[in-house]
Amino acid sequence: MGRLDGLVWHKDLGSHAYGEFSMAVIQANRMCEDYSQLESGPGTFAGVYDGHAGSEASKFVSHNLFFNLKNIVSERREVSESVLKKAFSATEEDFLSLVKKQWMNNPQIASVGTCCLAGVLHDGVLFVANAGDSRAVLGRVERGSKRASAVQLSNEHNVNIASVREELYALHPDDSQVVIMKHKCWRVRGLIQVSRSIGDVYLKRAEFQREPLLPKFRLTETFEKPILNSEPEVTVHKLQPEDHFVIFASDGLWEQLSNQEAVDIVHNFPRNGIAKRLLKAALHEAAKKREMRYADLKKIDPGVRRHFHDDITLIIVFIDSHLVSKSPLPPYSIKGGVFPR
C-alpha cells in the first residue's frame, strides 16, 4: 500500500479512475501532523490535510470528510460546489461534537486544527475545495508543445497575503487585534496564520475560551462571532485533453518550489516514484537555503528538523483523457503518511 523509508512515506505509482497517481509524505515535526488519502471508484477523490498544534483534526478529517461527501452525493445525486461545501460543514460539525465530548479530559483538542484541500474528478469535471494554505496546481500541455504550464486551481487563506487580511478586517470591523504581526509574520489574534480550517474551535466558539484550555491559547479579549471559518473556496474546472496532471500539496512544498518548478519536474520525469522525486527536490531547496548539504539535512531528527522545513504531503494525480469515459476500475482506497504516532 505504500512504503516507509525513515521519515519518508511513499506510494510510487497506483491506478485511479482517470489514470495513475503517486504520493509522498515527509515528517519534520516530532510527530507528523499531516494526513492524506486517495479514493477511487466511479470518480477520484484526493485529500491533503495539513494539521497544526497536533494531528487529531487532520486524522479525523481523513476518516470523515470522504465518508460525509459520499453520503451527501448519494442523497443529492450530484457532485457540485454546494455538495463539497456541505461535506466540509458536516465534517466541521462532527469534529466540534468530538471536542465537546473530550475537552474536559483532553483540552488541547480545542486548539488543534487542519488545513483541508480536496479534489474530486467526476464526469469529466475537476472540483477543488480548499480551506487553509495548501494548494492545487494543474499541469497543462498545449497541443504541439513539449512544455507544461502551471495553472493554480486554489487560493490560500493565509493572513500573510494582504487580500486575506483585508477579508478578516472586513468581517471583524470592531476587532483591531484580529490580525497582528508576531514572530515576524502576520497571525490571526497573534496565534495562527490561516484564516480557514477545520477544527481550531477555540477561535470559533467563545465557550472554549476558558480553563482547561492552555493559557497560550486563551485570548485577552473574547469574541462574538467565529474568527476563523471552515467554508472552502471551490473551483470547478471542466477537464480538457491538455490537462495532464494535478499536484495537490501542503504549503511545505510550495515554501520551497514555485508552481512552475514543481510542474516541470512532474512533466519531465517518469511517473513511477515522481512524488518522492518532487519531495526530494523540495528538500534540496530547503538545504540550499540554509547553506547546507542535502546529506546533512537528512541526518536531522524530527522536531529539530521543523526548523529547516515543514511536514510535506503531496499527491500527484495524472489525468489520462482516454480513460475519462471508460468503465470504472474496482474501488481503491489508500491513506498517506502511515507513521508511528
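Among the residues of region 104-116, count how many are open to solvent by 10 Å² or more (accessible area, probe 1.4 Å) and either under 18 Å from the mean Cα position of the chain (by Cα) or free of Cβ contacts under 8 Å to residues at least 40 places away in the same chain (or both).
The total comes to 2.
If we scan region 230-237, do we find a residue that is under 30 Å from ASP175 (Cα atoms), out of contact with any helix residue (DSSP H, G or I) (no Cβ under 7 Å at 6 or more places or on another chain) and touching a residue at least 40 places away in the same chain (Cβ under 8 Å)?
Yes; the residues of region 230-237 include at least one that is under 30 Å from ASP175 (Cα atoms), out of contact with any helix residue (DSSP H, G or I) (no Cβ under 7 Å at 6 or more places or on another chain) and touching a residue at least 40 places away in the same chain (Cβ under 8 Å).
What tally of residues in region 81-111 results from selecting those that are out of contact with any helix residue (DSSP H, G or I) (no Cβ under 7 Å at 6 or more places or on another chain) and among the β-branched types (Val, Ile, Thr)?
Counting residues in region 81-111 that are out of contact with any helix residue (DSSP H, G or I) (no Cβ under 7 Å at 6 or more places or on another chain) and among the β-branched types (Val, Ile, Thr) gives 0.
Hey, could you check region 128-159 for residues that are part of a loop (DSSP other than H, G, I, E, B) and either of a type in the set (Ser, Thr, Tyr) or open to solvent by less than 10 Å² (accessible area, probe 1.4 Å) (or both) and say which is farthest from LEU228 (Cα to Cα)?
SER145
Is it the case, given these coordinates, that LEU297 is modelled with pLDDT under 95 and open to solvent by 30 Å² or more (accessible area, probe 1.4 Å)?
Against the criterion (modelled with pLDDT under 95 and open to solvent by 30 Å² or more (accessible area, probe 1.4 Å)), LEU297 does not qualify.
Every residue, every condition in (1) closer than 19 Å to VAL246 by Cβ; (2) open to solvent by 10 Å² or more (accessible area, probe 1.4 Å); (3) modelled with pLDDT of 95 or more; (4) out of contact with any Leu (no Cβ under 9 Å at 6 or more places or on another chain), yes or no:
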residue: ALA46; (1), (2), (3), (4): yes, no, yes, no
residue: LEU84; (1), (2), (3), (4): yes, no, yes, no
residue: GLU93; (1), (2), (3), (4): no, yes, yes, yes
residue: GLN102; (1), (2), (3), (4): no, yes, yes, yes
residue: ASP123; (1), (2), (3), (4): yes, yes, no, yes
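Output the residues belonging to region 1-20 that are assigned to a loop (DSSP other than H, G, I, E, B) and either out of contact with any strand residue (DSSP E or B) (no Cβ under 8 Å at 6 or more places or on another chain) or of a type in the set (Phe, Trp, Tyr) (or both).
The answer is GLY6, TYR18.
In region 160-195, what count of residues is obtained for those that are acidic (Asp, Glu), part of a loop (DSSP other than H, G, I, E, B) and surrounded by 12 or more Cβ atoms within 10 Å (Cβ to Cβ)?
We begin by selecting, within region 160-195, every residue acidic (Asp, Glu); these are 166-167, 174-175.
Then drop every residue that is not part of a loop (DSSP other than H, G, I, E, B), which leaves 174-175.
Those left that are additionally surrounded by 12 or more Cβ atoms within 10 Å (Cβ to Cβ): 175.
Final tally of qualifying residues: 1.
Looking only at region 256-297, how many residues end up being of a type in the set (Ser, Thr, Tyr) and under 19 Å from the mean Cα position of the chain (by Cα)?
Number of matching residues: 1.
Is it the case that LEU13 is at pLDDT 95 or above, open to solvent by 10 Å² or more (accessible area, probe 1.4 Å) and of a type outside the set (Ser, Thr, Tyr)?
Answer is yes for this residue.
Condition check: exposed (fewer than 13 other Cβ atoms within 10 Å of the Cβ) and at pLDDT 95 or above. Does LYS216 satisfy that?
In short, no.
The values are calculated or read from the model by the stated rules, or taken from the named source; none is laboratory data. It should be emphasised that the depicted structure is a prediction, and the values quoted were computed from it without experimental measurement. Methodologically, a virtual Cβ is constructed for each residue, glycine included, from the backbone with ideal geometry; neighbour enumeration extends over all protein chains shown. Keep in mind that these areas ignore ligands, DNA and RNA; they rest on the heavy atoms of the full protein, side chains included. Shrake-Rupley method; radii C 1.70, N 1.55, O 1.52, S 1.80 Å.
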